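Participant: Can you keep this structure in mind? I'll have questions shortly.
The values are calculated or read from the model by the stated rules, or taken from the named source; none is laboratory data. Keep in mind it's a predicted model, so treat the numbers as computed, not measured. Neighbour counts run over all protein chains shown; Cβ positions are idealised from the backbone, glycine included. Surface areas here come from the heavy atoms of the whole protein model, side chains and all, with no ligands, DNA or RNA. Shrake-Rupley method; radii C 1.70, N 1.55, O 1.52, S 1.80 Å.
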Amino acid sequence: KLGLFGGYVDIFRGIPFAAPPKTLEDPQPHPGWDGKLSPFCLSLFLREGYNNPQVSGENLIGLSRARRPHNAIFVNFDDEEIPTKPLDAAVQNWKKVCTNPVDKKVEEELRKLFEVRPVWSRNAVKANISVHPDKLKVLLPYLAYYMLTGPWRSLWVRFGYDPRKHPEAKIYQVLDFRIRCGMKYGYAAADMPVKAKRSTYNYSLPITVKKQGSHTVSVHDLKQGLGSAGTSGAKKPPSSRYKLKESVYIFREGALPPYRQMFYQLCDLNVESLQKIIHRNDGTESECTERDGWCLAKTSDDLRDSMSLMIKQIIRSTRPALFSNTTSSEDGKEQLAYESGEDEDDEEEEEEDFKPSDGSENEMETEILDYV
């Protein structure tokens, strides 16, 4: 903006830019423009009766298509009431998409999942049902609501079920777990044997059209369902074409998580010692808090510590070279700390937890964007 006669005039309006800006770059003016407005242009801006045109959705050219509304219901932990049925728009959306017997079967399968277990993460659903991701976006708001905050945040809850009123629902609470790295653990982020979900080197602008390297799904595939004739060249059978591996939502002892940041439900931590931590207060639950839910205070911290120790042991067994040079120094440091009486809290301050900005994807924010 350029200050003229005490006011400001938008000198970039109508002036073309040289090219779309790159990542973290500011837009650059066209090289043929010297940055000055001609007297004629100034007269157009400053002449009496001129008003800047009103900006509305009708005269804007969108850089990407508008998001399709999926009509999900969002609930916060402090909301008094929970929904008992979907929005009418969500019902209509699913009826439009549900055009063949395969879709009806998928709907029944998801209903049975919510009958057995009233709270699910989207990854857990995708690991148990083979359904196209675009159809799942429409089906989930038809059968469940989405928790935004609290111990069940980023999870889908069956309509009419309130986990805040059922102490047994603590097994469905979410645990945000991130693999720790740093000198204390003997390996840095670059030495991690677990890949990041999203790399900054592969970043593209939201308006960029990215071609898929794998199979493509056409409108015909969506209408025909999973058993369409166009799946003959697919590697997976139709029954498991879109299914994810169990490791995307289940934690097992002796196996590394597929990504550095994971969102686990407590019932999916298939380790006996972890389940003992979860069920320490069975039968004595008195209050459901936003931080710990129905569990004891700092239960999540205890679970993360135990899981981090298991992962460190796995990495030590698979890549002993990372720890060969740190074992003796750690032993000496522990002995020195013991003799000097230092508290372990000082060492905790030096702990370097993995940050999502280092490459992992915040699944909760990404999923919310799908339904806004």
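Participant: Determine whether residue 328 is part of a helix (DSSP H, G or I), modelled with pLDDT of 90 or more and over 21 Å from residue 194 (Cα atoms).
Facilitator: Against the criterion (part of a helix (DSSP H, G or I), modelled with pLDDT of 90 or more and over 21 Å from residue 194 (Cα atoms)), residue 328 does not qualify.
Participant: Taking the stretch 248-268 as the region of interest, how many residues are of a type in the set (Ser, Thr, Tyr) and within 17 Å of residue 172 (Cα to Cα)?
Facilitator: Counting residues in the stretch 248-268 that are of a type in the set (Ser, Thr, Tyr) and within 17 Å of residue 172 (Cα to Cα) gives 2.
Participant: If you don't mind, there's one more thing I want to ask. Please indicate, with yes or no, whether at least one residue in the stretch 144-151 is under 14 Å from residue 267 (Cβ atoms) and either acidic (Asp, Glu) or part of a helix (DSSP H, G or I) (or both).
Facilitator: The answer is no; no qualifying residue exists.
Participant: What pairs can you find where one residue is in the stretch 291-303 and open to solvent by 70 Å² or more (accessible area, probe 1.4 Å), the other is among the basic types (Lys, Arg), and their Cβ atoms are less than 7 Å apart, with a gap of 6+ or different chains?
Facilitator: What qualifies is 296/280.
Participant: On the basis of being among the aliphatic types (A, V, I, L, M) and over 20 Å from residue 129 (Cα atoms), does residue 274 make the cut?
Facilitator: Judged against the criteria, residue 274 is a match.
Participant: Okay, next question. If you go through the stretch 334-349 one residue at a time, do you hit one that is of a type in the set (A, V, I, L, M) and at pLDDT below 90?
Facilitator: Yes; the residues of the stretch 334-349 include at least one that is of a type in the set (A, V, I, L, M) and at pLDDT below 90.
Participant: Here's another thing I want to ask about it. Against the condition surrounded by fewer than 19 Cβ atoms within 10 Å (Cβ to Cβ), closer than 21 Å to residue 163 by Cα and at pLDDT below 95, how does residue 115 come out, does it pass?
Facilitator: no
Participant: I'm told residue 155 meets every condition in (1) open to solvent by 30 Å² or more (accessible area, probe 1.4 Å); (2) at pLDDT 95 or above except one. Can you identify the failing condition by its number?
Facilitator: (1)
Participant: Another question about this same structure. Inside the stretch 92-111, can you point out the residues that are assigned to a helix (DSSP H, G or I) and open to solvent by 30 Å² or more (accessible area, probe 1.4 Å)?
Facilitator: 92, 93, 95, 96, 97, 101, 102, 104, 105, 108, 109, 111
Participant: For residue 288, all conditions in the list (1) surrounded by fewer than 13 Cβ atoms within 10 Å (Cβ to Cβ); (2) in contact with a helix residue (DSSP H, G or I) (Cβ under 9 Å, 6 or more places away or on another chain); (3) in contact (Cβ under 8 Å) with a residue 40 or more places away in the chain hold save one; what is the number of the exception?
Facilitator: (1)
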